[in-house]
1. Could you check how much of the accessible area of the chain is carbon and sulfur, as a whole percent, using a 1.4 Å probe?
2. So what is the orientation-averaged projected area of the stretch 112-168, using the convex hull of its C-alpha atoms, in nm²?
3. Quick check on the chain: helices-only [θ] at 222 nm, where DSSP H runs of length 4 and up contribute -39,500 (n - 2.57) each and the sum goes over total residues. Nearest 500, please.
4. Given R₀ = 45 Å, FRET efficiency for VAL70-GLU29 by Cβ-Cβ distance, to 0.05?
5. Hey, if we sort MET179, MET186, MET211 by accessible area with the 1.4 Å probe, largest down, what's the order?
6. Would you work out which of LEU187, PRO88, PHE42 lies farthest towards the positive end of the dipole of the chain? Charges go on Cβ: Lys and Arg +1, Asp and Glu -1.
7. Over the stretch 136-257, what is the relative contact order in percent, taking alpha-carbon pairs closer than 8 angstrom and at least six residues apart?
8. From zero up to wherever the largest Cα-Cα distance of the stretch 128-229 sits, split into 5 Å bins and tell me the percent of pairs in each.
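The values are calculated or read from the model by the stated rules, or taken from the named source; none is laboratory data. What you are looking at is a predicted structure, and each value in this text was computed from that prediction instead of being measured. Cβ placement follows ideal geometry from the backbone for every residue including glycine, while neighbour counts extend to all protein chains displayed. With ligands, DNA and RNA removed, areas are computed over all heavy atoms of the protein, side chains included. Shrake-Rupley method; radii C 1.70, N 1.55, O 1.52, S 1.80 Å.
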Amino acid sequence: MKRLKKGFKPFLFIFFIVIIFIIGYRNLEYNWQWYRIKPYLFFFENGEFKRGLLLDGLLITLKISSISLVISFIIGFLSAFARLSASPVLKSLAWLYVETIRNTPLLIQIFLMYFVISPVFNIPAFTTAVIALSLFEGAYSSEIIRSGIINIPKGQYEAAQSIGLSVPGTYIKVIIPQMLRQTLPMLAGQSVSLIKDSALVSTISIYDLTMQGQRIVSETFLTFEIWFTVAICYLIVTASLSFIIRQFENKLKFINQ
């Protein structure tokens with residue numbers, strides 16, 4: 001019975017939000033033109049499927065987010081191990097990186113990277129956006145990973161060494177799997193945040209989903225229809241990612257049982 005009540009609460013909350021949305025939708029004095037949205041998603045020309053501007057923007061968003069996600073996890077692991085190393089230089093550099101990135105706004109970092117650093121090294125806007133997002137999310141991932149490793153009992157290290165595992169083998173076979181089991185929900189939340197934060201790359205003229213939405217609104221004045229569609233696209237992507245990570249988390253729990 002308790003589990004049933006606990007599982008019912010999210011559905012009750014969603015139902016309450018939907019009711020509020022429906023009431024607000026009906027009371028809003030606005031000439032809705034949803035029929036004009038489809039061509040901006042996709043259309044058929046001579047029987048051939050064509051992507052609309054919003055779908056093109058969504059693909060750019062997915063490309064930037066997926067590349068940044070992989071790089072940010074690599075940066076997160078490297079900086080976390082640097083913080084935990086015995087080298088004072090590595091510790092200091094990793095600490096400086098994490099604290100600098102976490103205590104400055106992402107938008108400022110994107111501008112700094114695009115207007116100051118990129119012209120010097122002739123870095124394209126797309127690459128600039130990937131680097132800025134990767135560094136920003138990597139700093140947060142670093143702290144999540146570091147906290148997960150710290151929370152592993154010392155007995156696990158001693159048991160791994162007693163059976164002859166090397167230091168790299170201990171981390172790969174013993175420490176990291178347990179760390180992922182503990183921190184996966186937080187890393188999943190950080191991954192979702194990365195996708196949402198990617199909307200800021202529109203400020204440096206990258207035609208991602210948000211930028212394409214702004215472009216269409218300025219041309220058609222379909223303000224609510226376009227932004228609702230953009231929001232739904234982000235929701236579908238983030239919800240799908242959360243579902244995939246949840247399945248992976250359940251698999252890890254099954255393996256560790």
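1. Working: 10880 of 15910 Å².
Roughly 68 percent, rounded to a whole number.
2. Its average projected convex-hull area is 5.8 nm².
3. Numbers: 12 runs with 195 residues, N = 257.
Calculated from helices alone, the mean residue ellipticity at 222 nm is -25000 deg cm²/dmol.
4. Numbers: r = 46 Å, r/R0 = 1.03.
Efficiency, rounded to the nearest 0.05: 0.45.
5. Numbers: MET179 0, MET186 95, MET211 35 Å².
Final ranking, largest accessible area leading: MET186, MET211, MET179.
6. Of LEU187, PRO88, PHE42, it is LEU187.
7. Numbers: 64 pairs, mean separation 30.6, N = 122.
It rounds to 25 percent for the stretch 136-257.
8. Answer for the stretch 128-229: a P(r) of 2, 11, 16, 14, 11, 10, 9, 8, 6, 5, 4, 2, 1, 0 percent.
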